[in-house]
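The values are calculated or read from the model by the stated rules, or taken from the named source; none is laboratory data. Every value quoted in this text rests on a predicted model; they were computed, and no experiment measured them. Positions of Cβ are generated from backbone atoms using ideal geometry, with glycine treated the same way; all protein chains shown enter the neighbour counts. What goes into the accessible areas is simple: the full protein's heavy atoms, side chains included, and nothing from ligands, DNA or RNA. Shrake-Rupley method; radii C 1.70, N 1.55, O 1.52, S 1.80 Å.
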Amino acid sequence: MLKSIGITASAVGNHEFDWGIDKIEGWAKTGDFDFLASNIYDKTTGQPVAWANPYKIVTVGGVKIGLIGLTTPETAYKTKPDIVKNLEFKDPAVSAEYWSNYLKTNNMADYVIALTHLGAAQDSKTKEITGEAAELAKKVKLDGIIAAHTHLTVSGTVNNIPIVEGYYNGRTLA
């Protein structure tokens, strides 16, 4: 499905690990897209995982957009612990700040959007957004945040940063 809609990149989420880490690279090849994760590190090497890129640059209408992949630290216990026991899920805000500064300082991106598997929720009356994505917006200056993980529809701003989440399983778009 992801290949047929022309997806460019996907943040790594907790369910990508449900069938083993060895499947992730194959899914990316089959789907012809990149998995992004700037905050997942291999505990044995202390290095970022080799099967995901920290960011991707896409150009739309002549505008360079940097997509930074972020995964919820909850993955350490929201998937099978044995599968992720050799992985460290670092603070998403630290990774986002580092890569956003890197992309903008090196003139690689005009805009930086966090493509994440960080949760968000939105109050139906006040429209207030809460959750991991909202906390990221309070800590790091980004041009937008695409949230996931909570399977909710979210559309609004925190700290003047747009945050969207598109429900789940393709039921809505964000």
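Output the residue which, of all residues in the stretch 152-168 that are out of contact with any Ser or Thr (no Cβ under 8 Å at 6 or more places or on another chain) and part of a loop (DSSP other than H, G, I, E, B), is most open to solvent (accessible area, probe 1.4 Å).
Among those residues, the one meeting the criterion is ASN160.
Somewhere in the stretch 20-30, is a residue of a type in the set (Ser, Thr, Tyr) and open to solvent by 50 Å² or more (accessible area, probe 1.4 Å)?
For the stretch 20-30, residues of a type in the set (Ser, Thr, Tyr) and open to solvent by 50 Å² or more (accessible area, probe 1.4 Å): present.
Checking VAL94 against (1) open to solvent by 60 Å² or more (accessible area, probe 1.4 Å); (2) of a type in the set (A, V, I, L, M); (3) assigned to a strand (DSSP E or B), which single condition isn't satisfied?
Single failed check for VAL94: (3).
With the condition kept exactly as written, say whether any residue in the stretch 52-71 is within 18 Å of ALA148 (Cβ to Cβ), part of a helix (DSSP H, G or I), out of contact with any Gly (no Cβ under 8 Å at 6 or more places or on another chain) and open to solvent by less than 50 Å² (accessible area, probe 1.4 Å).
No, because not a single residue in the stretch 52-71 is within 18 Å of ALA148 (Cβ to Cβ), part of a helix (DSSP H, G or I), out of contact with any Gly (no Cβ under 8 Å at 6 or more places or on another chain) and open to solvent by less than 50 Å² (accessible area, probe 1.4 Å).
Condition first: in a loop (DSSP other than H, G, I, E, B), modelled with pLDDT of 95 or more and open to solvent by 30 Å² or more (accessible area, probe 1.4 Å). Now tell me which residues in the stretch 117-151 satisfy that.
Result: ASP123, SER124, LYS125, THR126, LYS127, GLU128, GLY131, LYS141, ASP143.
Output the number of the condition that ARG171 fails; it satisfies all remaining conditions of (1) open to solvent by 80 Å² or more (accessible area, probe 1.4 Å); (2) among the charged types (D, E, K, R); (3) within 17 Å of the chain's Cα centre (by Cα); (4) more than 24 Å from THR59 (Cβ to Cβ).
Every condition holds for ARG171 apart from (3).
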